[in-house]
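Some notes on the structure that comes next.
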Amino acid sequence: SIDIVLPQGTSAEAKGNQVLFFNDNATEGAATTTEAAAPRASETPSEATAPGVVGKVKLPVGVSPESCKFGDDSIDGRKVLNCKLDKDEVREVPIKVVDEL
């Protein structure tokens, strides 16, 4: 699984290989929607125009919204989103221990 710690005052939605952040406060969300809608160099036009998006995190693998749930734990008052990974997305990697000099 992957745990994502959300910035304080935000909620999140998983979409494929990214998690979009939205402002929890409706009045602040209205004020930042214009700023969030301005395209950034790394965003596609559809991501830049998503209403209310204040940020995003790219993930190394895709996750479905159904596999993500908010955990009971919080870190410094911030929510933690836990997304389960499909078994075919996870692979074992051997670790070789090298003697230190």
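The values are calculated or read from the model by the stated rules, or taken from the named source; none is laboratory data. These numbers come from a predicted model, not from an experiment. Cβ: placed from backbone, ideal geometry, glycine included. Neighbour counts: every protein chain shown.
Numerical summary
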| read-out | value |
| --- | --- |
| Candidate set: the range 25-68, residues that are of a type in the set (Ser, Thr, Tyr) and at pLDDT 50 or above; chosen: the one surrounded by the fewest Cβ atoms within 10 Å (Cβ to Cβ) | 64 |
| Every pair of residues 6+ apart whose Cβ atoms lie under 8 Å, when the first sits in the range 1-21 and is among the basic types (Lys, Arg) while the second is outside any loop (DSSP other than H, G, I, E, B) | 15/65 |
| Residue selected from the range 70-88 under the condition surrounded by 12 or more Cβ atoms within 10 Å (Cβ to Cβ) and among the charged types (D, E, K, R), by the criterion farthest from residue 21 (Cα to Cα) | 84 |
| Residue within the range 69-76 that is assigned to a helix (DSSP H, G or I) and modelled with pLDDT of 85 or more present | no |
